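Nothing in this text is a laboratory measurement; each read-out follows from the coordinates by a stated rule. Fair warning: this is a prediction, and the values are worked out from it, not measured in the lab. All Cβ positions, glycine included, derive from the backbone under ideal geometry; neighbour counts span all protein chains shown.
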Amino acid sequence: MRKVVAIILLILIFFVIYFLQSNFFTWFTIGTVQPNLFVIFILVIGLFAGKKIGIVLGIVFGFYIDFVIGRQVGISGIMLGIVGLIGEIFSKESRLTIMLMIAGCTAIFEIGCYIFNVMTLEMNFEILAFIKILLIEIIYNLIITIIIYPIVQKAGHALEDIFKTKKILTRYF
């Protein structure tokens, strides 16, 4: 029951993040670049809830983003699923490790989406402009992570208690 409530709460948090991403952060851009809060959110889920939940929610939320935004369906789902998978690999105890993971996952997400869009939409391959946008987005995500890190850590440990508890039932005969 606690897992169902936690997943419903994660879905509600996703919609709050979607609102922030689509409305609030359009006013606060750095060089017309917005942060990618979805990468941070899915990485935190993968870190604290486990890779299965991270992959599933990453794919589901990514497909939802693709349907709503109207880009090609599937690429955000695949890339966010990969971000959810990466979350379980590294340690979550160090702030520096989390910062490096967010920078790496932002780069992986954006590079994957860019390569897919270049191949399928026949866009021009402009590497310098892409690197500029990528670096600004990574820095923006890191700044947001520094600001919300205490909240992320508390919520993450609560998720970990819900999803990673082992219920051992012993019987004595």
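Relative contact order, whole percent, for region 2-160 stands at 25, derived from Cα pairs under 8 Å and 6 or more residues apart. Computed about the Cα centre, the dipole magnitude for region 2-160 is approximately 500 debye when only Lys and Arg (+1) and Asp and Glu (-1) carry charge, each at its Cβ.
Here are a few candidate values for Rg and Dmax of the Cα atoms in Å: (1) 17.4, 56; (2) 16.7, 54; (3) 17.1, 71. Which one was actually calculated from the structure I just gave you? It is the value labelled (3). Does anyone have the angle between helix 75-86 and the longest principal axis of the chain? Alpha-carbon axes, 0 to 90°, nearest 10? On a 0 to 90 degree scale, this one is about 50. The modelled label-to-label distance between I148 and T97, using points 7 Å beyond Cα along the C-beta direction, is 2.2 nm. Between helix 127-163 and the chain, what is the angle of the helix's C-alpha long axis to the longest principal axis, kept within 0 to 90° and rounded to the nearest 10? In the chain, helix 127-163 runs at an angle near 10 degrees to the longest axis. If you run the Gaussian network model on the chain, springs between alpha carbon atoms under 10 Å, then out of K92, K52, K132 the most flexible one is K132.
Comparing Cα centroids, region 139-156 and region 41-114 end up 15 angstrom apart.
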